[in-house]
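Okay, so here's the structure we're looking at.
The values are calculated or read from the model by the stated rules, or taken from the named source; none is laboratory data. The structure displayed is predicted, hence computed values, not measured ones. No Cβ is skipped: glycine too gets one built from the backbone with ideal geometry, and neighbour counts run over all protein chains shown.
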Amino acid sequence: MAARGSLIIGLDERLADLEALYQDLHEHPELSFQEQRTAALMAERLAAAGFEVTSGVGETGVVGVLRNGDGPGVLLRADMDALPVTEEVDVPFASKVRATYNGQEVGVMHACGHDIHMSTFIGTARALGKMKDKWHGTIIFIGQPAEETVGGARALLKDGLYTRWPKPNYVLGLHDDAEIATGQIGVTEGYCYANVDSVDVTVKGMGGHGAYPHKTKDPVVLSAEIINGWQTIASRETNPHDDVVVTVGSIHGGTKHNIISDEVKMQLTVRTYKKEVRDAVLALRRAAAVAEVAGERRVAARPQLAAEDVLLAHRASFSMILFSREASAAITSKRCGRFSMPAAERHRRSPILSYNTFMVRPHEFRSRLQHLDCVASTS
């Protein structure tokens, strides 16, 4: 219909500028809560589109509001931070940025597509600013900091996101998805993103020379047994119909080939959907580690450790995102009706065990949340 036609007219001209913005953002990524340059770009572009802009929300976040008479409030979110990843893609706008992360020098890259999100975000803001005769209500655009480290969403809420600015009726988030064909938009019904628990584990031992392991308490060997034990949580301790992932993403111990270290440090991520499964898995994770330490699988004559020699610290957690059938149906009908999007451009997206930090309190927005996943061509 006319609304969608208005969006498409002049699209080629707008795309050139948005592609330049995307390449600029990709070439100059910034880590979580360090998005100073990125936030300034978002604020400048939102202001140019006619939005009332506030910067420094939740440390480095940006809020833009566009009022257009009576009507519902709709919030759109774009995350702004990049990841501590060294880019290896050979393109003219590849990131060469280096930064310090957890005490180490790292490369920085928009490896999760937040540069695409922000470019789409600004393109949408401009289009809505030029189409005010086609809609009524209030649009709130959020440049979200620190999505990758969870803290940005909480910082926005703590800074009064839903008290200092209009509280929306609907909250929309977008994430690129390499598994969906270019030009399609994916809509999830039910579970969309998973519960995520990040756990730091320290296994303490008694080091010594690698030639005399029988005189040591080797935390590396014990850590290996603990890791294998954790894998049975999903395969043997939980219902096969319940999604569970326990992944050890980092393990460090020792400094030299022939030295048995005093301790090993591990970093885990635990992914689930249901609360009862989450609680059970986290309890089993602790029990499995203690069982290994207590020697339930002990090697004869191996010096044993005490249960207190395994320390587990719950570093961070974020709850799953769930969308009702009514919410999915409502947004699908509006997008595919009023804006005349053909059914071929829609994609029914399956739930995934990734996470996405979103600045909502579910009890306040029940049945009014929606997360879209789509692919934007950037080649």
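Which of the residues spanning segment 23-46 are touching a residue at least 24 places away in the same chain (Cβ under 8 Å) and either charged (D, E, K, R) or not in a helix (DSSP H, G or I) (or both)?
Scanning segment 23-46 gives Asp24, Glu27, His28, Pro29, Glu30, Leu31, Ser32, Phe33, Gln34, Glu35, Arg45.
Within segment 159-185, can you find the residues that are charged (D, E, K, R) and outside any strand (DSSP E or B)?
Asp159, Arg164, Lys167, Asp177, Glu179
Working only within segment 49-61, note down all residues that are in contact (Cβ under 8 Å) with a residue 24 or more places away in the chain and hydrophobic (A, V, I, L, M, F, W, C).
Listed by number, the residues that qualify are Ala49, Phe51, Val57.
Among the residues of segment 88-107, how many are surrounded by 19 or more Cβ atoms within 10 Å (Cβ to Cβ) and touching a His at 6+ places or on another chain (Cβ under 9 Å)?
Final tally of qualifying residues: 1.
Restricting to segment 37-56, name every residue that is surrounded by 22 or more Cβ atoms within 10 Å (Cβ to Cβ) and closer than 19 Å to Pro166 by Cα.
Leu46, Phe51
Filter segment 235-282 for residues that are of a type outside the set (D, E, K, R), assigned to a loop (DSSP other than H, G, I, E, B) and closer than 19 Å to Asp218 by Cα and give the result.
Residues satisfying the conditions are Gly254, Thr255, His257, Asn258, Ser261.
Of the numbered conditions (1) in contact with a Lys or Arg (Cβ under 6 Å, 6 or more places away or on another chain); (2) surrounded by 21 or more Cβ atoms within 10 Å (Cβ to Cβ), Asp200 fails exactly one; give the number of that condition.
(2)
So which of Val63, Val85, Val106, Val150 ends up being closer than 30 Å to Val199 by Cα and touching a Lys or Arg at 6+ places or on another chain (Cβ under 9 Å)?
That would be Val106, the only listed residue that is closer than 30 Å to Val199 by Cα and touching a Lys or Arg at 6+ places or on another chain (Cβ under 9 Å).
Only residues in segment 163-183 that are in contact (Cβ under 8 Å) with a residue 24 or more places away in the chain count as the first member; pair them with residues that are loosely packed, with under 15 Cβ neighbours inside 10 Å and assigned to a helix (DSSP H, G or I), Cβ under 9 angstrom, at least 6 apart or cross-chain, and list the lot.
Listed pairs, sorted by first residue: Gly183/Ala344; Gly183/Glu345.
Among Gly56, Gly50, which is the only one that is assigned to a loop (DSSP other than H, G, I, E, B), assigned by TED's automatic domain parsing to the domain that holds Thr100 and small (Gly, Ala, Ser)?
Gly50
I need the full set of residues from segment 208-220 which are buried (at least 17 other Cβ atoms within 10 Å of the Cβ) and touching a helix residue (DSSP H, G or I) at 6+ places or on another chain (Cβ under 9 Å), in order please.
Within segment 208-220, Gly208, Lys217, Pro219 meet the criteria.
Filter segment 59-99 for residues that are among the β-branched types (Val, Ile, Thr), assigned to a strand (DSSP E or B) and at pLDDT below 95 and give the result.
Within segment 59-99, Val74 is the sole residue that qualifies.
What number of residues within segment 260-292 are at pLDDT below 70 and of a type in the set (Asp, Glu)?
Total meeting the criteria: 1.
Select from segment 84-129 the residues that are polar (S, T, N, Q) and on the phi > 0 side of the Ramachandran plot and list them in ascending order.
Matches in segment 84-129: Asn102 only.
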